[in-house]
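The values are calculated or read from the model by the stated rules, or taken from the named source; none is laboratory data. Everything numeric in this text was worked out from a predicted model, so none of it was measured. Glycine gets a Cβ as well: all are built from the backbone with ideal geometry, and neighbour counts include every protein chain shown.
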Amino acid sequence: MSRYDLSLLFSRTHSAQKSVVSVYLDVDQSKPRNLNRRFERQLKKMAADLKEKLSGVGERERFSAAMHHIQDFITAYSPTDKGIVLFCDAIDDFFWHQAVGFDVVDQIRWGRELFLQPLAAAMDELESCGIVLLDRTKLRLFVLSLGHIEEVAMEKRDGKRVRHIKTSGFNNADSSSHIQRKADNQIRANVREWVRELEQFVKARRLHRLILAGTAEIIAELRKMLPARLGSFVIGQLNLPIKATARQIASAAKTVEATYERGTELEKVQRIITSAATSGKAVKGLAAALKAVNSKRVWELIYSADYQAPGYECWNCSALFPKRATRCSLCGARLVAVDDVVERAVEHALRNQAKIEVVNAEGATALKSAGGIGAFLKTRTGTLAS
Ligand SMILES: [Zn+2]
């Protein structure tokens, strides 16, 4: 699954009435609490508790119709991963599911739109990453996406095969340097071929992150030949044998990704704070961030993983406000209290094609002093910063 796949979900608009069930279910079979299909019972319980709270007959019917699809699916489902995410809209029978390789907190939502924030947060944390594992004669390609790893079969283009290097014949002192030179040339030819494979792979999978794995020498050889654009995608490297298992590779790559994420987060937070103070290309704090979301000006929304705030949402135009008011200042309709206006802001920002950055650790501490939330804006403005 890629950011592109998710953009199809993000492009769905909200319905006039509540009709969407969103489910995040922990089905991890390494946890005793999920064995013997107990996750199925957990879902039924969550659904029953939620249904209790629904008032109108029409609403209960729509909820049951959507839940029916989801229950049917789960009844026949064999867990393969840590969690599963499902969405169903009773109005147009839209149904979507995806097994995910990250830790999922059980939850069910009933609303006018898909509940995407946990998926978007995981997407940011675990952006699809290509892993390039190579030695002198072989290249293996992997995609790590939402914690899932998949080895990608390499297609030989133009019928060309990468030749293997003969390593015998080093006993003769006179010819050894010659053989070594020939071997070096062959490695270079192989690497050149692989760079072409890599370009195709990155394009086909829409990747923006790469991890290079192998010995330090071969990685250095590859880096020399990487075009600048591909080079800029590299987030780290790993010392791994060519025969490493997918599990070993995934585990090592996750560490590289996490380190890279933490670094990027802190850097972004620092940039947002400076930018908000000086250039007006960014805003910080809840009120300014919501104003930016309401005016569809957010290019990237940044918030601390643990930051939540109650607020208000306009029933008609979905504008968000940190404080109660008699009417929506944009359209005049009534406002509805929401438990977490930050979560609502994320949903709105996603629907307006904004990027999302959830910050943790040091980045979160730095952002806390700036209000826990901020945004880079699409175009320069003087008015939003105030
Ligand atoms: Zn409004």
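General remarks:
- Every residue from region 326-340 that is among the hydrophobic types (A, V, I, L, M, F, W, C) and within 34 Å of the chain's Cα centre (by Cα): Cys328, Leu330, Cys331, Leu335, Val336, Ala337, Val338
- Scanning region 10-64 for residues being in contact (Cβ under 8 Å) with a residue 60 or more places away in the chain and of a type in the set (Gly, Ala, Ser) gives a total of 6.
- Asn316 falls short on exactly one of the conditions (1) away from the ligand (no atom under 16 Å from the Cβ); (2) closer than 24 Å to Ser15 by Cα, and that condition is (1).
- Test: residue in region 333-340 that is surrounded by fewer than 21 Cβ atoms within 10 Å (Cβ to Cβ) and free of Cβ contacts under 8 Å to residues at least 24 places away in the same chain: yes
- Pairs with Cβ under 7 Å, 6+ apart, first in region 88-101 and within 14 Å of Glu61 (Cα to Cα) and of a type in the set (A, V, I, L, M), second at pLDDT below 90 and in a loop (DSSP other than H, G, I, E, B): Ile91/Ser15
- Subset of region 319-330 (residues that are near the ligand (Cβ under 9 Å from one of its atoms) and not hydroxyl-bearing (Ser, Thr, Tyr)): Ala319, Arg327, Cys328, Leu330
- The requirement of being assigned to a helix (DSSP H, G or I), aliphatic (A, V, I, L, M) and away from the ligand (no atom under 16 Å from the Cβ) is fulfilled somewhere in region 331-344, by at least one residue.
- Verdict on Val293 being within 16 Å of the ligand (Cβ to nearest atom), touching a Pro at 6+ places or on another chain (Cβ under 7 Å) and closer than 27 Å to Leu9 by Cα: no
- Output for region 300-313, where each listed residue is assigned to a strand (DSSP E or B) and either loosely packed, with under 12 Cβ neighbours inside 10 Å or away from the ligand (no atom under 15 Å from the Cβ) (or both): Glu300, Leu301, Ile302, Tyr303, Ser304
- Residues in region 108-130 that are surrounded by fewer than 20 Cβ atoms within 10 Å (Cβ to Cβ) and either touching a Pro at 6+ places or on another chain (Cβ under 6 Å) or of a type in the set (A, V, I, L, M) (or both): Ala121 only.
- Taking the conditions (1) modelled with pLDDT of 90 or more; (2) surrounded by fewer than 20 Cβ atoms within 10 Å (Cβ to Cβ) in turn, Phe376 satisfies each one other than (2).
- Of the helices (runs of 4 or more DSSP H) contained entirely in region 186-278, those carrying at least 1 residues that are within 14 Å of Ser128 (Cα to Cα) fall at 228-233, 246-278.
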